[in-house]
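Worksheet: the structure to be examined is printed underneath.
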Amino acid sequence: MKIDFSQFDLCIDGESERGVPLWFSSLAKFAFDVCSTRSMESQNSEHFVISLPDIDGGLTAISLGSLAAEIARIEETLNFEEIQLDQLEVGMRISLDSGVAGQQKITGQVKTISLDDKTPKIEIGSRWIAAKFIQKICLIPSEAGNPQIFERKNEFGDDSPSFLHKLAGSSLPIHRALLDIRSTSKIIEDEFEWEFLNPSNSTSLKVKDTIRPIHSGRPGSGWSIVLNSSESEELAWLNLKSELSASELDADISLLCSGTAILAQLESINSKIVFSIFGRDDRQLLATELALRQKYEYSNPLSREIDVTQLHKGIELIAFEVPSNV
Amino acid sequence: MSRLQRLNSMYAYAEMTIQHVAIEDTLLKTFSREVRKLNSEMREWLDVSTDWDDALANLRRADWRFRNQPAEFNNSHPAKVYLAEGLAKLDGLYSNLGDDVQKICRSIFENGNAIIRSDESSLNSNLLRIISESSKQGADNILIILRQDDLIAPFKEYLLKNSITNVLVETSFNAIQKRFLTDKIIVVGNLLDYSLSLFNSLFSEYGTVLIGYSWVPEQDIVGTSLSELATKPIHIEISHSETRDESEAIDISHFLEPSVEIASRKLRTVAKNVYAHIDKSNLDEENVPCRAYLLAGNNVVFLPTKEGAIDSIDMQASSGNRVQRMPINSLGIGSVILLRVGKSDSESIFEMANSIGGKDAEAYRKLQREWKDALKVRIVSLGSQLVITQLKDLGIKNPWIGEWKSFKNNIRPESDEYFQKLLKYLAIDPSETITAMNSLRRLHLMAAMKLRKMLKEKFENANLQTIHETGFLIVDLGESPEIAKLGAFVCLSIGEDVFEVPESAVKQLQKAVI
């Protein structure tokens with residue numbers, strides 16, 4: 001997967017300019033690079049503190065880059081082993097393409113196998129699928145979570161969909177948190193309405209189409225969220241935790257966006273990669289900087305090289321790592 | 001401008017070099033430096049002396065506001081108000097302190113007063129210049145950042161008065177939070193006065209100008225408070241420039257020649273030496289308790305300790321109100337007093353009264369000389385003591401014969417009754433002499449008024465810069481050579497010892513004898 005916005009215009013509040021700004025794409029590319037080159041064996045938690053002149057766009061850009069990197073990693077490294085119909089067993093977690101041209105993606109746990117019936121069929125989740133329409137069956141590796149989806153596959157106008165379309169689609173049967181976003185509802189509600197317009201075919205993708213919350217029984221890759229703005233949001237998070245397994249909820253990448261989120265969560269986050277993003281106009285700037293400085297005091301220099309030159313001017317980066325148990 | 005455009009232009013102009021304009025203002029610089037010096041010298045006193053605390057608090061507020069409050073620079077400008085209050089409180093606080101502190105205070109007085117008199121603020125003029133230059137460059141919306149809320153309204157008024165309408169004035173906090181969209185940002189003060197966010201989160205097409213003063217050091221770069229930890233730090237350069245100085249400080253070291261400066265530390269010795277040279281031969285002359293005042297130009301004057309007033313110049317007053325009668329007790333270091341140079345007051349008035357009265361005055365003088373000569377003859381023949389006794393026997397309670405016999409310093413006794421008795425005692429027809437002496441007294445009064453008027457006119461219209469520079473200014477009173485010159489002298493030191501000075505030497509300028 002490649003972070004390429006070349007076919008899109010960024011649209012905020014209904015206003016767009018030609019192309020996606022460099023400052024935005026530089027953040028997304030940086031996040032993609034950092035996440036896609038991380039060591040899976042590392043026992044450290046890598047922190048990337050990003051300060052921006054204004055918080056706007058930071059969450060979206062870093063989320064898109066990180067999510068793209070995580071999906072690409074799963075796509076490349078996990079073995080979605082293809083099996084035949086007669087190899088199916090109850091309890092298996094599978095993803096199958098069905099329909100005349102395989103235009104439906106159905107993913108879930110096999111509940112019943114009735115191949116000897118007059119009309120041979122299998123039950124996945126609560127759905128029965130006729131065996132004659134099944135085109136392809138893949139075993140889902142445990143790292144992909146426990147997806148349960150029944151969805152018409154997205155049709156793309158060309159053979160090589162953009163990374164945004166890939167994120168928006170459900171071609172990959174992944175049902176687990178890939179990104180742990182912690183921010184305020186104001187930022188999330190605002191930025192997730194931002195759009196990427198494709199002037200060549202007059203289509204558009206909203207940010208919320210590409211970065212989707214993980215939800216019990218809902219398809220696609222996801223992000224979990226802890227909001228700090230209200231008790232009801234905290235309650236929603238607790239409910240989600242009760243519905244999903246720990247493996248589904250544990251993301252390797254955390255994104256703390258805003259001084260509020262950093263102050264509330266920095267000490268309790270233990271992900272492999274932690275992005276702390278804040279605007280230098282943040283009302284809690286001093287406290288945020290102090291909290292980050294304290295974290296830095298007990299840190300080590302990053303043990304790998306990262307390319308910071310791609311970051312646009314006006315963006316400051318502090319990178320360090322701490323042992324995962326600190 | 002849309003939100004996206006704002007974000008794009010913010011990143012486009014991020015890390016643009018900040019222009020730092022350092023104003024060179026020698027007058028304010030000297031004042032500011034001396035206030036800081038005084039604060040440092042008196043630090044230990046501030047906790048125990050509310051007077052010192054008040055004085056210095058006002059002076060420091062003034063100093064801060066001069067550098068941070070652009071507004072109409074009239075007498076109600078808060079900096080001037082604080083300064084005037086500070087100077088008033090400082091006056092009289094330091095006369096008993098060491099020479100170093102006195103020197104600092106004198107400098108604060110002189111430079112402070114010069115600032116109060118000035119109607120030009122270097123901050124105002126430079127701000128207007130930068131606004132004008134920015135507008136010419138193409139900046140339509142200019143944002144000016146001031147240190148605190150109460151500075152904003154007066155500056156807006158000042159801008160309106162100067163027909164400037166394309167400028168938004170805000171505090172740093174508001175500007176950052178409101179995310180103003182501007183073409184140019186002008187920040188009044190120094191970088192460390194503000195949150196770093198102002199410089200690393202607000203950017204504009206024509207950049208940021210930081211306008212401060214040359215004696216407050218400014219940084220060469222600005223980042224964030226975490227920049228020293230950063231793998232990719234924010235690094236905004238600051239380029240420095242300095243304005244040309246348009247003011248001159250008052251260097252109070254000019255007030256004192258080196259030799260006299262030594263004498264100021266030994267005023268007691270100097271005063272004793274001067275006192276020793278005063279003519280005390282006239283035993284009938286009354287002695288007046290006086291203190292010695294060391295004046296600029298290597299001069300000393302003895303002034304009464306108990307009461308009396310003296311002409312002085314109020315250096316803060318506008319032309320027309322400068323010359324004022326001031327109680328001697330309220331004189332302090334830095335006061336400017338007026339004294340005849342060469343001849344005494346009474347001599348000047350004597351000469352002028354003759355000039356005004358013409359031939360009539362000659363006749364009056366003849367009668368004046370006759371009765372005074374008669375008194376002198378009587379004193380010589382009978383002796384002062386007997387004459388006094390005889391006059392007392394006639395019912396004259398306090399016969400001041402020593403004063404009455406003086407031709408130039410006295411016209412007649414105050415009491416008509418005593419004067420009649422005295423003239424009869426001297427065998428002189430009272431009616432003609434009393435009438436003539438009354439006319440002569442009116443001539444003296446007219447002369448005194450004319451002298452004072454001339455004196456006032458001279459100093460109301462004089463260029464007082466010389467007093468600032470040298471500590472004194474001497475002017476001629478009219479064309480007539482017999483009329484004395486008049487001098488304005490800055491008081492440098494006031495002695496503590498009291499001397500019994502013959503009346504004729506009181507208020508007379510004396511050369512300092514070291």
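Normalised by residue number, the volume inside the convex hull of the Cα atoms of the stretch A:51-118 is 157 Å³ per residue.
A convex hull fitted around the alpha carbon atoms of the stretch B:351-445 yields 84 Å³ per residue.
Distances between placed amide hydrogens fall under 5 Å for A:Ile277 paired with A:Ile50, A:Leu256, A:Cys257, A:Ser258, all partners being 5 or more residues away or on another chain.
Rounded to the nearest 20 debye, the dipole magnitude of the protein assembly as shown is 3220 debye, with +1 charges on Lys and Arg beta carbons, -1 on Asp and Glu beta carbons, and the Cα centre as origin.
Label positions at A:Gln135 and A:Glu81, each projected 7 Å from the Cα along the C-beta direction, are separated by 2.4 nm. Using the charge dipole of chain B (Lys, Arg: +1 at Cβ; Asp, Glu: -1 at Cβ; taken about the Cα centre), state which of B:Ala462, B:Gln508, B:Ala296 has its Cα farthest towards the positive end. Final value for the positive-end residue is B:Gln508.
When the Cα positions of B:Tyr425, B:Ser241, A:Pro120 are compared along the charge dipole of the protein assembly as shown, B:Tyr425 comes out farthest toward the positive end, with charges on each C-beta of Lys, Arg, Asp and Glu. The convex hull drawn around the Cα atoms of the stretch A:15-140, when projected onto a plane and averaged over every direction, covers 12.4 nm². Legend: distances between Cα atoms for B:Lys397/B:Lys424; B:Lys280/B:Lys485; B:Lys376/B:Lys424; B:Lys272/B:Lys405; B:Lys103/B:Lys511; pairs beyond 19 Å are B:Lys280/B:Lys485; B:Lys272/B:Lys405; B:Lys103/B:Lys511. Counting Cβ atoms of other protein chains within 10 Å of each Cβ in A:281-291 and taking the mean gives 3.
On the principal axes of its alpha carbon atoms, the stretch B:138-199 extends 32, 26, 19 Å, with the longest extent given first. Within the stretch B:1-159, the proportion of Cα pairs with more than 22 Å between them is 52 percent.
Where q = 0.06, 0.07 Å⁻¹, what log10 of I(q)/I(0) comes from the Debye formula for the protein assembly as shown, counting one point per Cα? Values, matching the q order: -0.63, -0.73. Note on the stretch A:251-326: Rg/Rh from C-alpha atoms, Kirkwood Rh, equals 0.94.
Using only atoms on other chains, find how many Cβ atoms lie within 10 Å of each Cβ of peptide B:228-239 and report the average.
5
For the protein assembly as shown, the 222 nm mean residue ellipticity estimated from helices alone, with every DSSP H stretch of n ≥ 4 adding -39500 (n - 2.57) and the total spread over all residues, rounds to -12000 deg cm²/dmol. When +1 charges are put on Lys and Arg Cβ atoms and -1 charges on Asp and Glu Cβ atoms, the dipole computed for the stretch B:406-499 relative to its Cα centre reaches about 300 debye. Of all DSSP-defined beta bridges confined to the protein assembly as shown, some 65% are antiparallel rather than parallel. Summing charges over neighbours of B:Gly357, with a neighbour being any other residue whose Cβ is under 14 Å away from its Cβ, gives +3 when K and R count +1 and D and E count -1. Can you give the % of DSSP beta bridges in chain B that are antiparallel, to the nearest 5? Roughly 60 percent of the beta bridges in chain B run antiparallel, per DSSP. Taking the average, over residues, of other Cβ atoms within 10 Å as the packing measure, peptides B:161-174, A:201-214 rank A:201-214, B:161-174 from highest down. All alpha carbon pair distances within the stretch B:384-492 were sorted into 10 Å bins beginning at 0; the resulting P(r) in whole percents reads 12, 31, 21, 18, 15, 4. Chain B has equivalent-ellipsoid semi-axes of 66, 23, 17 Å, by the square roots of 5 times the alpha carbon gyration tensor eigenvalues, sorted largest first. Helix screen, chain B: no DSSP H segment has Cα axial length of 24 Å or more and mean Kyte-Doolittle hydropathy at least 0.0.
Computed from the coordinates by the stated procedures, all read-outs in this text should not be read as laboratory data. Being a predicted model, the structure only gives us computed values, none of them experimental. All Cβ positions, glycine included, derive from the backbone under ideal geometry; neighbour counts span all protein chains shown.
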